[in-house]
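Values quoted throughout were computed directly from the atomic coordinates according to the rules given, and no laboratory measurement underlies them. None of these values were measured; they are calculated from a predicted model. Glycine also receives a Cβ, built like all others from the backbone with ideal geometry; neighbour counts cover every protein chain displayed.
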Amino acid sequence: MYGVLGNFREGEMRDLRMGVLLVVLVLSACTDSGVTTSPSPPEPTGPSPRQPAIGDLVDVRGEPIDVSSLQGRIVFSSGTNDIYTIDADGSGLKRLTTSEDLEFDPTWSQDGKAIAYRHQPGDDSTTDIFLMNADGSHRRNLTGSDGLGDWGPDWSPHGEWIAWNTASAGFVFDLGLIHPDGTGRRVIKPGVYVEYPSWSPDGHRIAFMSPWKGSPYDIFVMNADGTHVRRLTESPAVDGWPAWSPDGRQIVFSSARDDCAYSEAEDCLTTGDIGPWHTLYVMNADGTDQHRLTRTFGQFAVWSPDGQYILFAPWLNVIRPDGTGLTRIPVEGTSAEPEMPDWIGA
């Protein structure tokens, strides 16, 4: 393989995936052991007087978002266990899956009638993309049990395609595309490792995370056919899980650049021993104006359908794109804290 692929070590990919999963599992264990996941009280503006915990809402600024006013429906996974939906105001929780296998990483179809998600009965090689109706019925395997790692689904803006990262030998990922009815499957090899693809609102481009010359992941963007690959971030730490704003002008992503292993700032952040601290950043679609959104721990983010808010996990935290109003949507009745959300309009 050429480009990024030839320079990245397989072990680093495995370590990153395990690090993310470890954070999820540790948080799940805390929830199961009776630790509350209710919102922490707002902290003063400016640097935190202490090292925050992963569950804290940190750097709360401006008027809190009125959760009761939020519109639409959110799908999320409870840790890596099962998939749920909930109204954006925190009401109407519904569990959709009950399998003993891991089922997580869900994404809405654009009409809100179906959900694609990751089904994993064993290790990474057993993962497939499944599809179900929005009420949890008619679950089926979309990609087939081919012994390859298939995850990170994202629905195209017009609902014609589902994109995901599909493994070849040695867990080197290419871009998979398939119609929701299971036809038209193809693999695009852009010459770089592709994980967690994210469609632009116009359907012409795909943002994704990829390692670069042996370093941790950065954010890249390419045309939907795999051409014109461009690198948007150049951080010494992991940058990943990009999501476009509805107008296509901005991309939100998660970065470990504020972790004390990479930052020399006096207010650098650390989880202690369960992997790096991730914070959310926003940038223009061309990679310019990269700036931190909040010091609160966050790995998976999506925009509200109207672009007024950004929702991120773990838990369901909502914040304005200018970094104000940080609030937690209350969720009760799941086996673990919410992860990997997606938000669709009413």
Subject >> Global geometry of the range 200-315, whether rounded, prolate or oblate, following the gyration tensor of its Cα atoms and the 1.5 cut on a/c >> reply: oblate
Original post:
Which FRET efficiency value, to the nearest 0.05, do you get for Asp87 and Asp225 by plugging their Cβ-Cβ distance into 1/(1 + (r/R0)^6) with R0 = 30 Å?
Top reply: 0.20
Original post:
Which residues' amide hydrogens lie under 5 Å from the amide hydrogen of Gln250, considering only partners 5 or more residues apart or on another chain, with H built in the peptide plane?
Top reply: Ser245, Ala285
**OP:** At 0.36 nm per residue, minus the direct Cα-Cα distance, what do Lys189 and Cys268 gain on full extension? Give it in nm, one decimal, please.
**Re:** 24.7 nm
**OP:** Could you list which residues have their amide H under 5 Å from that of Asn81, counting only those 5 or more apart in sequence or on another chain, with H placed in the peptide plane?
**Re:** Glu103
**OP:** Quick one: check the C-alpha center-to-center distance for the range 54-71 versus the range 275-300, whole angstrom.
**Re:** 17
Subject >> Separation of alpha-carbon centers, the range 120-152 and the range 315-346, rounded to whole Å >> reply: 25
Original post:
Using the Karplus equation 6.51 cos²θ - 1.76 cosθ + 1.60 (θ = phi - 60°), what ³J(HN,Hα) coupling, rounded to whole Hz, does each residue of the range 76-84 give in order, writing x for Gly and Pro?
Top reply: 7, 10, 8, x, 10, 8, 8, 10, 10
Original post:
Can you list the lysines whose alpha carbon sits under 24 Å from that of Lys94, skipping same-chain ones fewer than 8 residues off?
Top reply: Lys113
Original post:
So which lysines pass the test for Lys213, namely a Cα distance under 23 Å, with those fewer than 8 places away in the same chain ruled out?
Top reply: Lys189
Original post:
Taking 0.36 nm per intervening residue step and subtracting the Cα-Cα distance, what contour gain separates Arg140 from Ser69 on full extension?
Top reply: 22.1 nm
Original post:
Roughly what % of DSSP beta bridges within the range 239-301 run antiparallel, to the nearest 5?
Top reply: 95
Original post:
With each label point set 7 Å from Cα along the Cα-Cβ vector, what nm distance links Asp181 and Gln51?
Top reply: 5.6
**OP:** Enumerate the amide H contacts of Arg185 below 5 Å, restricted to partners 5 or more residues apart or on another chain; note that Pro and chain-start residues carry no placed amide H.
**Re:** His179
**OP:** Let me know the shape class of the range 3-344, please: from the alpha-carbon gyration tensor, a ≥ b ≥ c as square roots of the eigenvalues, rounded when a/c is under 1.5, otherwise prolate if a/b is greater than b/c, or oblate.
**Re:** rounded
Original post:
How far apart, in nm, are two points set 7 Å out from the Cα along the Cα-to-Cβ line at Gln308 and at Ser335?
Top reply: 3.6
